[in-house]
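A short worksheet on the structure shown next.
The values are calculated or read from the model by the stated rules, or taken from the named source; none is laboratory data. In this text, all values refer to a predicted model and were calculated from it rather than measured experimentally. Virtual Cβ from ideal backbone geometry, glycine too; neighbours counted across all protein chains shown. All accessible areas refer to the heavy atoms of the entire protein, side chains included, with ligands and DNA or RNA removed. Shrake-Rupley method; radii C 1.70, N 1.55, O 1.52, S 1.80 Å.
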Amino acid sequence: MLQYTIRRILQLIPVLLGMTFVVFLIIRAIPGNPAQVILGQQATKEAVAALTKELGLNHPWYVQYIDYIKHLLQGNLGTSIRTRTAVSEEIWPYLAATLELSLVAMVIAVVVGVNAGIISAWFQNSWFDYAAMILALLGVSIPIFWLGLMEQWVFSINLHWLPTTGRENIRDPIEAITNLYLLDTLIQGRFDQFIEVLKHLILPGIALGTIPMAIIARMTRSSMLEVMRSDFIRTARAKGMKMFWVVYKHSLKNAVIPVLTVIGLQMGLLLGGAILTETIFGWPGIGRYIYDAISYRDYPVIQSGILLIAFIFVFINLVVDLLYAAVDPRIKYN
């Protein structure tokens with residue numbers, strides 16, 4: 001297991017290196033000079049040329065790429081062209097906001113999706129099975145932006161149950177420690193703020209978790225149906241074991257491998273695909289952070305943001321692979 005883990009970690013290096021190269025070339029294909037964008041259209045050519053030289057954008061692209069890799073190996077993510085602040089200092093609050101939102105969305109997706117898939121397989125061809133699969137199909141089909149707007153209209157504007165935008169009550173700001181507000185409020189013992197943060201997370205969490213919830217439900221149902229037709233399940237039922245234990249103890253454990261794969265992939269996709277949800281709900285996440293950086297041609301921010309998302313994505317896949325052996329003892333990594 002240890003050798004396999006080390007080998008997989010070493011395999012991440014060329015993957016991330018290739019990703020940085022592709023992103024580096026793509027973002028420099030975006031029309032416009034960052035210096036011109038920063039100074040505005042009324043800036044003189046001399047001022048633009050001076051700022052271009054100051055930012056190091058006058059060098060050939062391969063020289064800029066080598067410099068970027070050198071700084072990256074030293075743990076330096078670069079300096080934002082727009083704010084002149086180290087990216088490593090200003091990116092964490094945005095990344096933490098997206099991580100918190102994505103984790104809540106995935107918890108909702110897993111809890112609802114897995115149980116809906118299990119019950120659908122348990123009562124195959126029942127009204128619940130048909131209703132759950134129809135809702136799963138709708139969940140995959142409904143655009144996130146439309147669902148988010150409908151949530152705001154129903155639960156915020158009409159019913160006044162939940163807040164519309166943001167992460168916190170602006171009248172009672174949270175003292176950031178880790179920038180994961182649920183954790184920060186618990187550390188400080190502010191349970192009133194914890195409830196307020198949770199209220200802000202519900203609507204965007206449901207909107208973001210709808211698609212993975214539907215996919216997880218359909219995958220769980222399909223995998224459970226295959227396992228429940230196995231001989232050892234029929235034997236367990238013939239011995240008089242209660243159906244609940246047959247389903248949740250024996251069937252689910254053997255059906256969870258493909259479900260884990262889907263959960264891992266969907267978690268990675270949530271981190272990179274939360275920009276619509278963040279925009280609709282005014283969520284200060286890394287998706288909006290990178291989007292704003294693209295508008296300003298802020299190369300270091302774009303490169304570092306995408307690199308972090310890619311790293312988290314491949315790390316999650318590694319964790320899922322290792323979980324296979326923990327869940328199913330028949331899987332060995334030699």
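When you check residue 208 against the structure, is it surrounded by fewer than 18 Cβ atoms within 10 Å (Cβ to Cβ), aliphatic (A, V, I, L, M) and in contact (Cβ under 8 Å) with a residue 12 or more places away in the chain, yes or no?
So residue 208 fails the test.
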Pull out all pairs, ordered by first then second residue, where Cβ-Cβ is under 7 Å, the residues are six or more apart or on different chains, the first lies in region 117-132 and is surrounded by 12 or more Cβ atoms within 10 Å (Cβ to Cβ), and the second is of a type in the set (Phe, Trp, Tyr). 119/128; 120/128; 129/123
Would you pick out the residues in region 276-288 that are open to solvent by 30 Å² or more (accessible area, probe 1.4 Å) and either closer than 9 Å to residue 98 by Cα or of a type in the set (Asp, Glu) (or both)? 284
Mind listing whichever residues of region 55-75 are exposed (fewer than 11 other Cβ atoms within 10 Å of the Cβ) and either assigned to a helix (DSSP H, G or I) or in contact (Cβ under 8 Å) with a residue 40 or more places away in the chain (or both)? 62, 70, 73
Filtering region 84-129 down to residues that are of a type in the set (S, T, N, Q) and within 17 Å of residue 204 (Cβ to Cβ) yields 98, 102
Considering each residue of region 157-175, count those that are hydrophobic (A, V, I, L, M, F, W, C) and surrounded by 13 or more Cβ atoms within 10 Å (Cβ to Cβ), and give that number. 2
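Specify the residue that is modelled with the lowest pLDDT; the eligible residues are those in region 87-106 that are among the β-branched types (Val, Ile, Thr) and assigned to a helix (DSSP H, G or I).
Filtering region 87-106 down to residues among the β-branched types (Val, Ile, Thr) leaves 87, 91, 98, 104.
Add one more test, that the residue is assigned to a helix (DSSP H, G or I), and what stays is 87, 98, 104.
Working: 87: 85, 98: 90, 104: 92.
The selected residue is 87.
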Only residues that are of a type in the set (Phe, Trp, Tyr) and within 13 Å of residue 303 (Cα to Cα): list them for region 45-104, please. 65, 68
Considering only residues that are closer than 15 Å to residue 119 by Cα, hydrophobic (A, V, I, L, M, F, W, C) and either in contact with a Cys (Cβ under 7 Å, 6 or more places away or on another chain) or open to solvent by 50 Å² or more (accessible area, probe 1.4 Å) (or both), which ones fall in region 231-260? 244, 245
Would you mind listing the helices (runs of 4 or more DSSP H) fully within region 110-216 where at least 2 residues are over 29 Å from residue 248 (Cα atoms)? 144-151, 181-187
